[in-house]
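Read-outs throughout are calculated quantities, based only on the coordinates presented, and are distinct from any laboratory measurement. Computed from a prediction, not measured in an experiment: that's the story for all the values here. Cβ sites come from the backbone with ideal geometry, for glycine too, and all protein chains shown count toward neighbours.
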Amino acid sequence: MAAPKKGRSASAQSKPGRALALILIAMVALTGGMFVSGHTTPRLGIDLAGGTSITLEARSGQESAINKANMDTAVEIMNRRVNGLGVSEAEVQTQGDRNIIVNIPRGTNSEDARDQVGTTAKLYFRPVLQSQVGSGATETPSASPSTSPSGSGSPSPSSSDGKDEATSPESGDSASPSSSATSQGRAVTDALKADPTPSGSSSASDTAADTASPSASPSVDAETQALQAKFTALDCNDPKQRAAAGKGKTTDIVIACGQDSGSWSKFVLGPVGVDGTEVEKAEALLDTQNGTGWQVVMDFDSSGADKFADITGQLATQTTPQNEFAIVLDDEVVSHPYVRAAVTGGKAEISGSFTQEEAQNLANMLSYGALPLTFKEASVTTVSPALGGDQLQAGLIAGAIGLILVVIYLVAYYRGLALIAIASLLASAVLTYVIMALLGPTINFALNLPAVCGAIVAIGITADSFIVYFERVRDEIREGRTLRPAVERAWPRARRTILVSDFVSFLSAAVLFIVTVGKVQGFAFTLGLTTVLDVVVVFFFTKPLLTLLARTKFFGNGHSWSGLDPKRLGARPPLRRTRRPAPADPKEA
């Protein structure tokens, strides 16, 4: 039984190169990924890079409205608002049950940001008068819209939601528009008139005469030309122009932007037909009966139901894109489905080739316009770039001092073993830096001052793991064993101690991360990350490296500067079992 055991031990000792190769390959791969991604430095938090941090607390008359779904929707809307300011690298995230933290880096007007993120969302339904998708052709409404209902709508080619249609599950596909409603889906010239003609009384000749004779109303014609020029000049790809678009009174015709599968579109929108506060409920449902897939179902209150029936009745008689209504959230078009028929009964469906996520996002946006949810500023912290730079420099100096002190101690006490410890610390530092750089674009991790403190504390935790292993090896040498057996016999004992110690540290970091909010989470996250990396480095770098170096003459023979000199360690004589003298008389044996 002894031979196989020795064979396994020899095999285990002959494979340290594999572990070293594995961790080196991982380091090279991660470093290569960092350079390929273009993010070669960790993202810095507000306290280091400078900027404004706003903490918002949710308030509501209905406590049940403050829930995870509504908070997540609020974060999404605030992200849209901050992006509308042309801000890059901004962070909007929930903390706890009712807090939202908005971190806006330097270079942004903090007052504008506070005004944008702290107000309740504004949701409106407006008719589409004109649209242009990306760099495609402009869809201009006809000067003489059709007065007959559209029995079956067809998707608008200019619509980012051209796949979507608005229908009423109660009313079917045939309903006539209200004769008393104003024709909000008319051409831009007609919409600008001070006295719009009711949709039920205008004739084709009257409309043609109005359109053909702009000189009859020179002021309206000038307004039309100015509006058209503004529409043509608008570039929705420009964040500044996009932020300024869509603003105006509810009775105004406005020009707004909307995103379509990564590209921006622009629209001329008529006056508000329905206010978002008149939506009682919106939810995403899977239609298994008709096979239309995911759809969004809206319920309106009594006032909203009447208004929505009016506007959809008018839009159903129009041609593309006049048969579309735009859902406008914070002055930006988030969807613009076309209408097949008047939607009566206060219940409407928006259907199309939605994914579950798309349907849920739209439902959340529609619901949010009616939620009694507001936010109050709990705190606002502004850090200048100079102060942030000073704090970062101070943190780096503190880390450098701590690292130098640890290295001095290791060299003075462990001598040659200090080389292994320093190499392990460098491997841990490289992994920590690269992973932090990659986590910036991946999960929006930002390195703040408490996180730097966590990294500094991790230096001591990592060094402590090396010390535990080194001391176990030295204890084995003191017992009279040579270095190579001592390295292998010390590892199981040291491994248990290191795992227990790191588990306690990681558990503390995890609890701290869960129960705290704010910047303390940065400290906990960094501490937990470096604790995990400590285990990886010790198992795949430190132990294999010491196994390899134990085979060298310098360490294996116990050189006085190796840190493993048996004499300096007070090793016992290897022949301690021969101390008992042999009996003189053979009979006594």
Relative to a virtual label point 7 Å from the Cα of Asn557 in the Cα→beta-carbon direction, which members of region 465-497 show backbone nitrogen distances below 15 Å? 483
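Test of understanding: ordering His559, His336 by Cβ neighbours within 10 Å, fewest first, what list do you get?
His559, His336
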Stretched fully, the stretch from Val511 through Glu377 gains (0.36 nm per residue minus C-alpha distance, one decimal, in nm) 45.5 nm
For region 357-469: rounded, prolate or oblate by the Cα gyration tensor [a/c cutoff 1.5]: prolate
Gain in span if fully extended, Ser37 to Ala233, counting 0.36 nm per residue against the direct Cα distance: 67.1 nm
If r is the Cβ-Cβ distance from Asp97 to Gln356 and R0 is 45 Å, what FRET efficiency results, to the nearest 0.05? 0.95
Distance (nanometres) between label positions extended 7 Å along Cα→Cβ at Val28 and Gln225: 7.0 nm
Gain in length, Val430 to Arg572, computed as 0.36 nm per residue apart minus the alpha-carbon separation, to one decimal in nm? 47.1 nm
What are the radius of gyration and Dmax of region 410-493, computed over its Cα atoms and given in Å? 16.8, 53
What spacing in nm lies between the two simple spin-label points modelled at Asn67 and Ile408, each 7 Å away from Cα in the Cβ direction? 6.0 nm
So what's the net charge close to Leu449: Lys and Arg +1, Asp and Glu -1, counting the other residues with Cβ under 15 Å from its Cβ? 0
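Quick one: grab the alpha carbon gyration tensor of region 416-562, order the square roots of its eigenvalues as a ≥ b ≥ c, and give me rounded if a/c is under 1.5, else prolate or oblate depending on whether a/b is larger than b/c.
Taking the square roots of the gyration eigenvalues as a ≥ b ≥ c, region 416-562 is prolate.
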Three-way shape label, region 267-316, alpha-carbon gyration tensor, a/c 1.5: prolate
Here the Cα Rg-to-2.2 N^0.38 Å ratio for region 289-427 is 2.14
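Listing Tyr414, Tyr338 from the residue with the fewest other Cβ atoms within 10 Å to the one with the most, what is the order?
Tyr414, Tyr338
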Using only Cα atoms, what is the ratio of the radius of gyration of region 219-300 to 2.2 N^0.38 Å? 1.47
